[in-house]
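Inspection log for the structure reproduced underneath, given as structure tokens.
What follows draws every value from the coordinates through simple rules; no lab data is involved. On a predicted model such as this, the values are computed, not experimentally measured, just so you know. Glycine gets a Cβ as well: all are built from the backbone with ideal geometry, and neighbour counts include every protein chain shown.
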Amino acid sequence: MTCIKEMSKELNTKIVNAMERIEQLVRMTDGKCYLSFSGGKDSTVVLALIKMCQDIYTIRPYSIPAVYSETGLELGATSRFVRFIKDTYYPNIHMIRPIYSFHYIIENFGKPIKSKMRSEYLFRYHSKNSQSALSNLLDPKQKKIYIANKDLHMLHPDFKIQCTNKCCLYLKKKPFDTYSKNNDILGYLTGLRMAEGGARTMNALNRVKNGGRLCMTASKGKTVIMPIIDWTNQDIEDFISYYNVPLSEAYTEYHCKRTGCFLCPYSLNLKEDLSVLYYNEPNRYTAAIHWLKDVYIAQNVILPFDFTYERERIKKWADEYDKMRYDMMLKYRPNIASKHSNCQLSLDL
């Protein structure tokens, strides 16, 4: 592979490694593989790397499908971008769809709240009275599950929201499983990176610690290659700039940090995400509020641009959630509760 000029030696090495990882998966699966494509920065960078492999004839042109699940929860900007990519940049885009709509999922299974793990354990506790689930929710050592003081009202028996993490299962995982089965897929590529933090970093480090490879794992009998697992955020930006990689207007116009389901309450930047919707895609903001207003209020998400929502949030907390939270604090963390007996409304631990 030729050296890339005017680029740091370190990033040049990462590009070469990423291309070799892509080529390796093609060899391992005899071409029965795909790219899990979201229309976000990272998966678009992997798509650009696939094209670079094609340019030097190490893989056949457009032989790797880029598979995109149309969940109905994408930004309009993302949907437009994926179609632009298919029409002008990489024609082998496969559109797949889930069997259930988001509306069906929340009506029949429940709603996402806080995080995937917390949603699951809240479901187990409220639906099955699982004391094991409760213990995990209250255990600070269980960092992915632990319910912080500010969210203790979610443990109250009067908490009305049915929680579940089934949306990711039915909208994303199952459609890709079906695609793999129908197309005899043996492996796939993702844009996952350690720099995103959280479970991604821990899983990668554990793989290496246990003798595995940083960029490779297995899922349901499929080989999973992560070509840019070791790329930093700056690597991504430098690569996009140098190679003029196309991006969704979600990044270029809305200035989103990342894309995904436009209403997802798992987001660490939920207030900013909803603000983007409100000002740029108001119809989707209306849909988000229609489906998940109660979840946003339960998470105490402050949306100063939406006065109607704010009135409801303030009233709900004043009438119910502050007392529910304090009751649960008295029950499970009395030492903390005693410090806040006269200032429930400002409790933010």
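For segment 66-114, the percent of C-alpha pairs falling in each 5 Å distance bin, counted from 0 to the bin holding the largest distance, reads 5, 18, 23, 20, 14, 10, 7, 3. When the listed pairs K86/K111; K141/K172; K41/K150; K271/K315; K150/K172; K114/K271 are checked against a 24 Å cut-off, the alpha-carbon distance exceeds it for K86/K111; K141/K172; K41/K150; K150/K172. The ranking of T232, T71, T13 by Cβ neighbour count inside 10 Å, starting from the fewest, reads T13, T232, T71. For I145, neighbours were defined as the other residues whose beta-carbon sits under 14 Å from its Cβ, and their charges (Lys and Arg +1, Asp and Glu -1) total +4.
Using the Cβ-Cβ distance between Q162 and N12 with R0 set to 56 Å, the FRET efficiency works out to roughly 0.65. Between D87 and K316, the simple spin-label model (points 7 angstrom out along Cα→Cβ) gives 3.9 nm. Centroid-to-centroid, using Cα positions, segment 270-338 and segment 246-265 are 22 Å apart. Restricting the chymotrypsin sites (Phe, Trp or Tyr not before Pro) of segment 8-99 to loop positions (DSSP other than H, G, I, E, B) with no more than 16 neighbouring Cβ atoms within 10 Å leaves Y57, Y62, Y89. In this simple spin-label model, placing a label point 7 Å from the Cα along the Cα-to-Cβ direction at both S132 and R213 gives a separation of 3.5 nm.
In units of the rule-of-thumb radius 2.2 N^0.38 Å, segment 249-310 shows an alpha carbon radius of gyration of 1.03. Shape summary of the chain, radius of gyration then Dmax from alpha carbon positions: 22.3, 70 Å. Restricting segment 215-285 to GluC sites (Glu not before Pro) that sit in a DSSP loop and have at most 12 other Cβ atoms within 10 Å of their own Cβ leaves E253.
Remark: the Y332-I99 segment gains 79.8 nm on full extension, using 0.36 nm per residue and subtracting the alpha carbon distance.
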